[in-house]
Amino acid sequence: MVGAQAVKGSSTIEWGGRVSLWGVIPLWRAAPPLDTILALRKPTPSDCWPFSGSTGEIIIDVPQYAQVHSISLEHIRPDTAQSAPKDFIVYGILENGTWIKATDGTYWYNKPAKQYYSLDNSAPLKRIVFRVLSNHGNQQYTCVYRVHLYSDSNT
């Protein structure tokens, strides 16, 4: 969805983070920025946003209220990637701040790299919460390559 922005959930810790000189002067970023997950380009190896452990949360702010009907999750090599998300829940946040469960899903390693999930939602949303519950076995980190939202106003 064009114009969307991603932020990490409050208890989610970026894997790698920033490297700095004396802890003050930023030298380089060890991980791509979180908005990488929203990029429309085809993912390439290491073109993902990693977070520590096998559970985490990404909040996607939609530029205007939209009736989001589906979401896609993409990983570069699902057949070999233990760091790919596995089980997840998607919540929508309504205008009044109410959270609604839109779907829960499983990203299958033996299916296409880009997998689609329908959302159980009929109300316009301003935020989507993508909560990863597990990955495919990597205990150190989970790597999210792409998460795309689909509404009637975009594809």
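The values are calculated or read from the model by the stated rules, or taken from the named source; none is laboratory data. Since the model is a prediction, treat every value here as computed from it, not as a measurement. Every residue, glycine among them, receives a Cβ derived from its backbone with ideal geometry; neighbour counts consider all protein chains shown. To get the accessible areas, we keep the full protein, side chains included, count just its heavy atoms, and leave off ligands, DNA and RNA. Shrake-Rupley method; radii C 1.70, N 1.55, O 1.52, S 1.80 Å.
Answer with yes or no whether Lys114 is of a type in the set (Lys, Arg), in contact with a Ser or Thr (Cβ under 8 Å, 6 or more places away or on another chain) and closer than 23 Å to Gly16 by Cβ.
Details: of a type in the set (Lys, Arg): yes; in contact with a Ser or Thr (Cβ under 8 Å, 6 or more places away or on another chain): yes; closer than 23 Å to Gly16 by Cβ: no.
In short, no.
Identify, please: which residue in segment 104-130 is of a type in the set (S, T, N, Q) and outside any loop (DSSP other than H, G, I, E, B) and is, among those, surrounded by the fewest Cβ atoms within 10 Å (Cβ to Cβ)?
To start, the set of residues in segment 104-130 that are of a type in the set (S, T, N, Q) comprises 106, 110, 115, 118, 121-122.
If we keep only those that are outside any loop (DSSP other than H, G, I, E, B) as well, we get 106, 115, 118.
Working: Thr106: 15, Gln115: 16, Ser118: 12.
So, considering only residues that are of a type in the set (S, T, N, Q) and outside any loop (DSSP other than H, G, I, E, B), the one surrounded by the fewest Cβ atoms within 10 Å (Cβ to Cβ) is Ser118.
Which residues, counting only those in segment 60-75, are in contact with a Phe, Trp or Tyr (Cβ under 8 Å, 6 or more places away or on another chain) and not in a loop (DSSP other than H, G, I, E, B)?
Residues of segment 60-75 in contact with a Phe, Trp or Tyr (Cβ under 8 Å, 6 or more places away or on another chain): 60, 68-75.
Listed by number, the residues that qualify are Ile60, Val68, His69, Ser70, Ile71, Ser72, Leu73, Glu74.
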Some residue of segment 131-153 being of a type in the set (D, E, K, R), open to solvent by 20 Å² or more (accessible area, probe 1.4 Å), assigned to a strand (DSSP E or B) and more than 19 Å from Ser52 (Cβ to Cβ): no
Selection from segment 71-102 of residues that are open to solvent by 20 Å² or more (accessible area, probe 1.4 Å), over 11 Å from the mean Cα position of the chain (by Cα) and in contact (Cβ under 8 Å) with a residue 60 or more places away in the chain: Ile76
Pairs, first under 16 Å from Trp99 (Cα atoms) in segment 54-70, second part of a strand (DSSP E or B) and of a type in the set (A, V, I, L, M), C-beta under 6 Å, six or more apart: Ile58/Ala6; Ile59/Val7; Ile59/Val129; Ile60/Ala6; Ile60/Ile128; Val68/Leu125; Val68/Leu149
One residue from Ser70, Ser54 being within 24 Å of Glu95 (Cα to Cα) and at pLDDT 85 or above: Ser70
